[in-house]
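First comes the structure, then the notes that go with it.
None of the figures in this text is laboratory data; all of them are computed from the coordinates on show. Everything numeric here is computed off the predicted structure, so don't read it as measured data. As a convention, Cβ positions derive from the backbone with ideal geometry for all residues, glycine included, and neighbour counts pool all protein chains shown.
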Amino acid sequence: MVLGLRKNRCVIDSLFSNIRIINDAIKSKKGIEFEYLSYAIIDERVDVAGKDKRVLPHRLVFNDGKYYLIGYDEEEAKNNYYRVDLISKPVLSNGKIKISYYNERMLDGMEIAREIEKHPLMLAERDYPIKFKVIESALDRVIDAFGKNAHGFEVLDETRFVGDYPERIIKFQVTTTKDEAYRWSLANADVAELVLPQDVRDRLARVSKPIYQLYTYTLPDKVRENLDYVLKNGKFRIYHAVDADTAYATYKALSDMNKLDVVKEMLILGDEDFGNIDYLGDFINTEYLTIHADQLYTIPWASRLVNVTDVDLTDSQIVDVSWMKEMNKLRYALLSNSSVTDLSVLSKHTNIDRVSISGTKVSDISFIENFKHLTQLEIALCPIDDYSPLFKTKSHLKILQINRRALEEIGEENIKNRHIGIDIRDTNDSPFWYLSY
């Protein structure tokens, strides 16, 4: 205890010594030199450091229990703010400042007032009428914070359970700044609710959810939120914000509700191991399947998704796509930069509108010969052995994305004669694998 008192005494002595030296500099029109406390990252560690400052002092300002020096920083060539308790080793500069320089840099009263208003901690915000609700047992906190400024107390016909017992709710009003109301609301959120003004309430709402998620967000909370999203949007997701455990628990909840049929879109993203996700095959009404995952190599369960129309495996590690055989409604197959090597499974499909395999190791494109509705084909940077299927297909292509060497080999005019009005893009143009369906 004695050591603590001595430390506090030293801090106070240092503060008053700084104030005296700063006042001397202001009165004698001299500059002041000091070390100013700051933080710096040194060797991947945040350390306390001191910055040497040379300042023309304008004024000392007391605000919210702290003294601030407003002065002109010679190195930064601008006015700045310094908390006096963070100043160390202050000394007066030798010699008076030249009158011309002093007059040029010195601020008048109005200018200093404007400088004060720029500082977020010294902003003299005006008072507003603020309305709160508070539980009865917390009235002492109200008195402690606002004293006689709290008024208009009204006992409401409402209660709030605190532990096992209900407590009456009291409504009251204070006149204070919005920042003070915001801070008091955060510090007393367990017993109080800010009612008005709405903008402060909105500000509290913006921070309350992240705080809740950081400190108390449990698996049931995640599942409840995710379940609401799935039921509303028909979209089932496994990615950084919905981990595998949350996804499986959401599936179980949907199954218990007999609501598996609401899922129309499935999205799997990430580089983690998702574990056993065979249950995804139960979402048989899925129409859009998107998988961009680094550790997902096989998905045999996808063969049960017979209603899928759009498949996007861009950048995935999936090699075997034999499950596409069952997807008779398939229209879009986006597989660019994936690990797919063989697409013969698509040869029996007739409704496909777009195929994107740019950047894959697919070498045989004969599967397109039976396509009747193919309008967009992206095959750039594929080791294709035979381009004749481009002329044998029953489709009329509107867009072809292909690498330039292959285009020169088969002849651009030949393709244009076969597919009248086609838009040919070689690899030096905009790559089409960035387009979404």
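Going by neighbour counts of Cβ atoms within 10 Å, the residues R237, R183 line up, fewest first, as R183, R237.
Can you sort L313, L139 from fewest to most other Cβ atoms within 10 Å of each residue's own Cβ? If you can, show how the numbers build up before the last one.
Working: L313 26, L139 15.
Ordered by Cβ neighbours within 10 Å, fewest first: L139, L313.
Among rounded, prolate and oblate, which fits segment 307-437 when a ≥ b ≥ c are the square roots of the eigenvalues of its C-alpha gyration tensor, a/c under 1.5 means rounded, and a/b larger than b/c means prolate? Intermediate results must be reported in sequence, preceding the final value.
Working: a/c = 1.62, a/b = 1.32, b/c = 1.23.
It comes out prolate by the Cα gyration axes.
Sparse packing (at most 16 other Cβ atoms within 10 Å of the Cβ) combined with a DSSP loop state is found for the following trypsin sites (Lys or Arg not before Pro) in segment 305-360: K329.
Taking the Cα atoms of segment 209-284, the ratio Rg/Rh between the radius of gyration and the Kirkwood radius comes to 0.96. Think of segment 195-268 as having a plus end and a minus end, set by charges on the Cβ of Lys, Arg, Asp and Glu; of S208, I268, V230, S208 sits farthest toward the positive end of this dipole.
Based on Cα contacts under 8 Å between residues 6+ apart, segment 192-268 shows a relative contact order of 31 percent.
Ranked by Cβ crowding within 10 angstrom, fewest neighbours first, how are M266, M324 ordered? Don't skip to the end; give the middle numbers.
Working: M266 20, M324 24.
The fewest-first ordering by Cβ neighbours comes to M266, M324.
Kindly identify segment 128-216 as rounded, prolate or oblate by the Cα gyration tensor criterion: order the square roots of the eigenvalues as a ≥ b ≥ c, call it rounded if a/c is under 1.5, otherwise compare a/b with b/c, prolate if a/b is larger, else oblate.
On the way: a/c = 1.78, a/b = 1.07, b/c = 1.66.
Because a/c hits 1.5 or more and a/b fails to exceed b/c, segment 128-216 counts as oblate.
Relative to the Cα centre, the charge distribution of segment 258-336, modelled as +1 at Lys and Arg Cβ and -1 at Asp and Glu Cβ, gives a dipole magnitude of about 440 debye.
With charges only on Cβ, +1 for K and R and -1 for D and E, what is the dipole size of segment 219-434 about its Cα centre, in debye, rounded to 20? Working shown, then result.
On the way: 24 positive and 34 negative charges, 176 e Å.
In total the dipole reaches around 840 debye.
When all alpha carbon pairs of segment 219-434 are counted in 5 Å bins from zero, the resulting P(r) reads 1, 7, 15, 18, 17, 13, 10, 8, 6, 3, 2, 0, 0 %.
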